[in-house]
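The values are calculated or read from the model by the stated rules, or taken from the named source; none is laboratory data. Everything quoted here is computed from the prediction, not taken from an experiment. Cβ placement follows ideal geometry from the backbone for every residue including glycine, while neighbour counts extend to all protein chains displayed.
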Amino acid sequence: MTKRACIMGHPVAHSRSPMLHGYWLRTLGIDGAYEFADVPPEQFAEFFRGLKRNGFAGGNITIPHKEAAFRLVDRRERAADAIGAVNTVWYEGDTLVGGNTDWYGIVASLDDIHPGWDAAPGKVVVLGAGGSARASVFAFLERKFSIAIVNRTRERAEALAAQFGPRVSVHGYDALPGLLADADVLINNTSLGMAGKPPLAVDLVRLKTSAIVYDVVYVPLETPLLKAAKQAGHRTVDGLSMLLYQAVNGFSHWFGVTPKVTAEQRSILEADIRAKT
C-alpha cells in the first residue's frame, strides 16, 4: 500500500517540500507519495483531524496553519512545546503527534557539515527573535551553549529569553561588536539578506576566525552575510542546509526509513531556486 504524506498550507504551490521528499522516495525505491494539500483556514481543522482517515501518515504544516496545528494535535513533542510551533505531524497508533524539526535541521546540518563543531560548547549570537530564532535558541541550548539574542525590539527578545532561562541573554545591536568577539557561532534568524529585503548590516571584523556563520535565509543561496563570512575565512552553513536536514525526521516517521541528505539532492533544489530567482 502506498504511504502518503503532504504539505498543508494556503497557498502551498511554492513549497519545495514535495521536490525534497520526492527525491528520497524515488532514490530509496519507496512506494510512497508526498503531496500538496492547499487547505483554506476554514477547512483546516476538519482536514487535519482526518489525515489518517484520508490515507495520510502525516505531513508538514506551513503558513497559515502552524498555530492551528499546535492546538489540534493530540500530543506535542518537547521541542514543539518549547519552540511554540508544530511544523511536522505523524501518527503513533491513532495518536496525532506534533513535532518541530527546525531545531533539528540546525544541529544536524552543523554535525554533518562541520563535525565536532560543538566539542567545546561556548557562545552563540542569535540575530532576531521570531519563530526561527526560537528554534535556534532551543537547538543551541540542547548542545549546552549559552546564547545572546540580538534584536531591534527588546520586548520580543526578552519574552523569548524568559521562556528559556538564565543561559539566554538579550542585547541591542549596539552590543553586537563586543558579543561577536566571544562568539563561537553567529546565526541570522532575520529575513535581512533575503531576496527583495535589505542586506544584513553586520561587520564581522570582531568575529574570531574559528567561529561558524549560519544564515537561515536560502534565497539567495549565498547571502551577503555568508559571502562576507567566507571571504573572512569563517566556516559557514546556509539556509538550504537547514531546509534539507530538517526534513529527515518527518520522512523517517512517515515512511519508516531515515534518509541521508545528498549532494545530488541539494543540487536539484539549488537549480530550482536559481531558476525562480
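If you go through region 41-60 and keep only what is among the polar types (S, T, N, Q) and outside any strand (DSSP E or B), you end up with GLN43, ASN54. Taken together, the residues in region 231-257 that are part of a helix (DSSP H, G or I) and closer than 29 Å to LYS3 by Cα amount to 17.
Restricting attention to region 213-224 and to residues that are hydrophobic (A, V, I, L, M, F, W, C) and buried (at least 24 other Cβ atoms within 10 Å of the Cβ), the residue that is nearest to PRO259 (Cα to Cα) turns out to be VAL216.
The single condition among (1) under 25 Å from ALA161 (Cα atoms); (2) touching a residue at least 40 places away in the same chain (Cβ under 8 Å); (3) not in a loop (DSSP other than H, G, I, E, B) that LEU96 does not satisfy is (1). Among the numbered conditions (1) small (Gly, Ala, Ser); (2) touching a helix residue (DSSP H, G or I) at 6+ places or on another chain (Cβ under 8 Å); (3) without any contact (Cβ under 8 Å) to a residue 40 or more places away in the chain, the only one that SER132 does not meet is (3). Close Cβ contacts (under 6 Å, 6 or more residues apart or on different chains) running from residues in region 167-181 that are within 10 Å of ASN151 (Cα to Cα) to residues that are part of a helix (DSSP H, G or I) and not small (Gly, Ala, Ser) comprise VAL170/GLU158.
Note on region 1-33: residues that are assigned to a strand (DSSP E or B) and modelled with pLDDT under 95 amount to 0.
Residues being under 14 Å from VAL185 (Cα atoms) and either touching a strand residue (DSSP E or B) at 6+ places or on another chain (Cβ under 6 Å) or surrounded by 17 or more Cβ atoms within 10 Å (Cβ to Cβ) (or both) are represented in region 99-108 by at least one member. In region 51-64, the condition of being of a type in the set (Gly, Ala, Ser), farther than 26 Å from VAL219 by Cα and crowded, with 21+ Cβ neighbours inside 10 Å is met by at least one residue.
Criterion first (small (Gly, Ala, Ser), at pLDDT 95 or above, over 14 Å from ASN100 (Cα atoms) and surrounded by 13 or more Cβ atoms within 10 Å (Cβ to Cβ)) does ALA69 satisfy it? It is false that ALA69 is small (Gly, Ala, Ser), at pLDDT 95 or above, over 14 Å from ASN100 (Cα atoms) and surrounded by 13 or more Cβ atoms within 10 Å (Cβ to Cβ).
Cβ-Cβ contacts under 8 Å between residues 6 or more apart (or on different chains), taken from a first residue in region 12-37 that is crowded, with 20+ Cβ neighbours inside 10 Å to a second residue that is hydroxyl-bearing (Ser, Thr, Tyr) and part of a helix (DSSP H, G or I), are listed as TYR34/SER17. Under the condition of being in a helix (DSSP H, G or I) and either outside the structural domain of ARG26 (by TED's automatic domain parsing) or β-branched (Val, Ile, Thr) (or both), the residues counted in region 258-271 number 1.
Only one of the listed residues (ALA108, ALA80) is assigned by TED's automatic domain parsing to the domain that holds ALA161 and not charged (D, E, K, R). That residue is ALA108.
Kindly establish whether ALA120 is surrounded by fewer than 19 Cβ atoms within 10 Å (Cβ to Cβ), more than 19 Å from the chain's Cα centre (by Cα) and in a helix (DSSP H, G or I). For ALA120, the condition - surrounded by fewer than 19 Cβ atoms within 10 Å (Cβ to Cβ), more than 19 Å from the chain's Cα centre (by Cα) and in a helix (DSSP H, G or I) - is not met.
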